[in-house]
Amino acid sequence: MLLQEIMSNYLNENTFEVENAFKPLSVKKSEWDNKDDKLKRAFVFDETRQLEAFIIEIIKFNRETNAIVETRFKEDTVGIIIHPISGQISEIELEASKDIDKIRKDVVYYYAKD
């Protein structure tokens with residue numbers, strides 16, 4: 001009897017409210033281009049020392065990662081291509097792209113103009 005009293009209002013339509021202000025999550029668009037089953041992105045730098053530090057950090061990162069990272073640079077731009085190991089983009093490649101974004105952010109912050 002006690003359980004019946006407790007549960008009587010549980011599914012009562014009068015007490016069940018749906019929030020009208022529901023807003024779907026907005027997903028931040030990645031700046032990585034996912035064409036031809038490869039992740040590609042170009043990083044442009046304003047300062048030469050930021051560019052040089054980024055290239056050095058990418059070389060260090062390439063030693064430690066399982067992803068296949070191709071690096072190209074010309075003038076003030078560094079192009080990164082992450083090739084999938086298994087033929088399709090997997091968690092390894094996605095994590096590598098996030099790590100490279102963090103490396104760029106750290107380099108730009110460390111070598112920012114005062």
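The values are calculated or read from the model by the stated rules, or taken from the named source; none is laboratory data. What you are looking at is a predicted structure, and each value in this text was computed from that prediction instead of being measured. We place every Cβ from the backbone using ideal geometry, glycine too, and count neighbours over all the protein chains shown.
Residue-by-condition table, conditions (1) at pLDDT 90 or above; (2) in a strand (DSSP E or B):
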| site | (1), (2) |
| --- | --- |
| Phe22 | no, no |
| Leu25 | no, no |
| Lys28 | no, no |
| Leu39 | yes, yes |
| Ala42 | yes, yes |
| Gln50 | yes, no |
| Ile58 | yes, no |
| Asn66 | yes, no |
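Across the range 85-108, the qualifying residues are those that are over 14 Å from Glu52 (Cα atoms) and more than 16 Å from the chain's Cα centre (by Cα), and the one among them that is surrounded by the most Cβ atoms within 10 Å (Cβ to Cβ) is Ile85.
Residue pairs whose Cβ atoms lie under 7 Å apart, sitting 6 or more positions apart in sequence or on different chains, and linking a residue in the range 75-92 that is in a loop (DSSP other than H, G, I, E, B) to a partner that is among the hydroxyl-bearing types (Ser, Thr, Tyr), are Pro84/Ser90.
Out of Ile103, Ile80, one residue alone is touching a Ser or Thr at 6+ places or on another chain (Cβ under 9 Å) and modelled with pLDDT of 95 or more. It is Ile80.
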